[in-house]
Amino acid sequence: MTMKVWERFKGNDEEWDHFVIKNKGNYRQLYNWGLLQENKGWTVKRFICVENNKTLSSLQILQKKFFGFSFYYLPGGASGTQGGFEEIRGIREQLSENFPFYLRLDSNYENSDEVQRNFISDNWHRPIYNLNSAKTLYIKLNSKEKNFVGLNSKNWKKNIKKFKKNEVKIHVDRKITINQIKKASADMQKYKNVYLRDDPINISNIIEFFDEDILIVYCLDRQKRILGFRSALIRGNRAWEFYAATTEEGRKLSVGFGLLDELTKECARKGVELFILPLSKTNFGDTNFKKGSGGELHNLVGEWEYSNTIFARPLINFILYLLYSSTIVASLKKFFHLKLT
């Protein structure tokens with residue numbers, strides 16, 4: 001009888017990424033995504049699950065230590081497995097090191113009753129506070145259509161028509177500056193009263209790490225002022241939209257519609273067959289905008305947690321809520337802005 005064994009990955013980045021892409025893994029499991037997180041202070045560990053010298057799955061894990069306590073984040077889930085699960089009990093034994101620890105897994109594989117049963121039977125729990133939405137949209141780009149979004153939406157068709165009447169231009173190049181990215185992001189947060197968890201400056205780091213895999217489309221007015229941008233990470237025949245912002249003026253001109261329309265067309269020209277649009281957990285306006293694109297809604301496995309100490313789960317959830325709740329952060333920012341003006 002053979003056994004599945006988890007062992008540390010000793011290969012190179014190309015071997016790792018080839019396995020992740022071949023097995024429809026999430027971009028957060030790519031090697032360079034791990035390097036990017038190392039720059040943010042995370043320790044990155046990579047494992048492969050092997051049986052009879054054959055690699056069955058891979059898992060990139062992020063770790064932070066606090067006074068002997070380890071927080072582990074498993075973004076995207078284990079590549080090559082049903083639900084991103086694959087015998088994770090074996091990983092837990094290697095990670096514990098006889099110290100208290102907490103695991104947060106966020107799988108981007110399709111959800112199912114069987115996957116749910118696997119997690120529950122292995123003593124995993126649904127978090128009280130989720131960092132991300134467990135829903136996404138798939139837009140197929142391998143059709144003969146000239147347009148891919150908003151085909152069945154009167155609102156989309158109306159806004160695309162409105163956008164084309166404006167004297168603005170979409171650019172597809174790397175000339176957008178970090179200041180323009182910051183300007184669009186700050187303006188959007190202000191008029192929507194939302195909080196973007198990721199620092200806009202991180203997009204420049206992502207461009208540096210992923211280089212030609214990043215596609216950016218942006219729109220300027222006649223005075224060369226930024227109106228909005230959207231970006232995607234392309235690997236294989238899939239692309240993920242990962243960062244976007246539209247100014248208040250850009251919103252009035254329906255720039256967001258034109259940018260997403262152009263982004264999908266550019267991805268199709270580059271051989272992308274599936275465009276993945278993650279749905280926001282808190283930005284309901286953005287979610288409704290994306291749903292109007294006509295993408296197919298998919299429910300993901302999403303977030304599960306495990307800890308070998310009883311107090312960790314509620315404490316970690318409370319801390320994450322304080323750190324990342326958009327309602328709290330947006331309210332605090334508004335309060336301090338009023339106090340200072």
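Data for the structure
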{"quantity": "Hits in the range 309-341 (condition: surrounded by 12 or more Cβ atoms within 10 Å (Cβ to Cβ), among the aromatic types (Phe, Trp, Tyr) and at pLDDT 85 or above)", "calculated": "Phe318, Tyr321"}
{"quantity": "Asn52 vs. criteria surrounded by fewer than 16 Cβ atoms within 10 Å (Cβ to Cβ) and within 30 Å of Ile201 (Cα to Cα)", "calculated": "no"}
{"quantity": "Selected residue (only one of Glu51, Glu38 is free of Cβ contacts under 8 Å to residues at least 12 places away in the same chain, closer than 25 Å to Ser96 by Cβ and in contact with a strand residue (DSSP E or B) (Cβ under 9 Å, 6 or more places away or on another chain))", "calculated": "Glu38"}
{"quantity": "Selection count where residues are touching a residue at least 24 places away in the same chain (Cβ under 8 Å) and either outside any loop (DSSP other than H, G, I, E, B) or not aromatic (Phe, Trp, Tyr) (or both), scope the range 1-21", "calculated": "12"}
{"quantity": "Residue list for the range 101-142, filter: more than 21 Å from Leu59 (Cβ to Cβ) and of a type outside the set (Phe, Trp, Tyr)", "calculated": "Asp113, Ile128, Ser133, Lys135, Leu137, Ile139, Lys140, Leu141, Asn142"}
{"quantity": "Of all residues making up the range 147-179, the number that are free of Cβ contacts under 8 Å to residues at least 60 places away in the same chain and either touching a helix residue (DSSP H, G or I) at 6+ places or on another chain (Cβ under 6 Å) or surrounded by fewer than 20 Cβ atoms within 10 Å (Cβ to Cβ) (or both)", "calculated": "14"}
{"quantity": "Residue list for the range 22-47, restricted to those being in a strand (DSSP E or B) and touching a Lys or Arg at 6+ places or on another chain (Cβ under 8 Å)", "calculated": "Thr43, Lys45, Arg46, Phe47"}
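The values are calculated or read from the model by the stated rules, or taken from the named source; none is laboratory data. Keep in mind it's a predicted model, so treat the numbers as computed, not measured. Neighbour counts are summed over all protein chains in view; Cβ atoms, including those assigned to glycine, are modelled from backbone coordinates with ideal geometry.
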